[in-house]
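The values are calculated or read from the model by the stated rules, or taken from the named source; none is laboratory data. If you're wondering where the values come from, they're calculated on a predicted model, not measured in any experiment. A quick note on method: Cβ atoms are made from the backbone with ideal geometry, for glycine too, and the neighbour counts reach across all protein chains shown. Surface areas here come from the heavy atoms of the whole protein model, side chains and all, with no ligands, DNA or RNA. Shrake-Rupley method; radii C 1.70, N 1.55, O 1.52, S 1.80 Å.
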Amino acid sequence: MSRILDQRILLLVISFSASVQSTKVLSEWKKCGDPECEKAMSRVQATTDYLGPDCRYLNFKTGEEIMVYSKLSRENENLWIGSKGKDFGYFPRDAVKVEEVLIGEEVEVLTKETDFLCLGEDKYTFE
């Protein structure tokens, strides 16, 4: 009986740890085309297939077009945020090439905890 309880506790800890990891704040700052991060910054094309590690990331195939709305900055400049059709999420900047720049000047703003939620999930937990 004790062994079964230990296994259940271990599964609970693993589940909780995965949940916390999926809501981790990836950067304190981001760059956008406007202070509200509503304007598209650029149009890019995927140079490789990409499958993200969790639901916060945008999955795509080589050749697909993505609209970029913001770029994480300072401590994590490798991740950009964009959309492909109705899908939205993070992706590595080295997986795309810029096709068209749509804004002239970037604005740096603080991120919010809501920037790092998995869209479409039933529960939201913050780190």
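Just a few scattered comments:
- Neighbours by Cβ (under 9 Å, 6+ apart or cross-chain): first from the stretch 77-90, at pLDDT below 95 and part of a strand (DSSP E or B); second open to solvent by 40 Å² or more (accessible area, probe 1.4 Å) and among the hydroxyl-bearing types (Ser, Thr, Tyr): Phe88/Tyr69
- The single condition among (1) within 19 Å of Ser27 (Cα to Cα); (2) surrounded by 14 or more Cβ atoms within 10 Å (Cβ to Cβ) that Val96 does not satisfy is (1).
- For the stretch 30-78, residues that are open to solvent by 30 Å² or more (accessible area, probe 1.4 Å) and more than 13 Å from the chain's Cα centre (by Cα) total 18.
- Residues located in the stretch 91-104, provided they are outside any strand (DSSP E or B) and of a type in the set (A, V, I, L, M, F, W, C): Ala95, Leu102, Ile103
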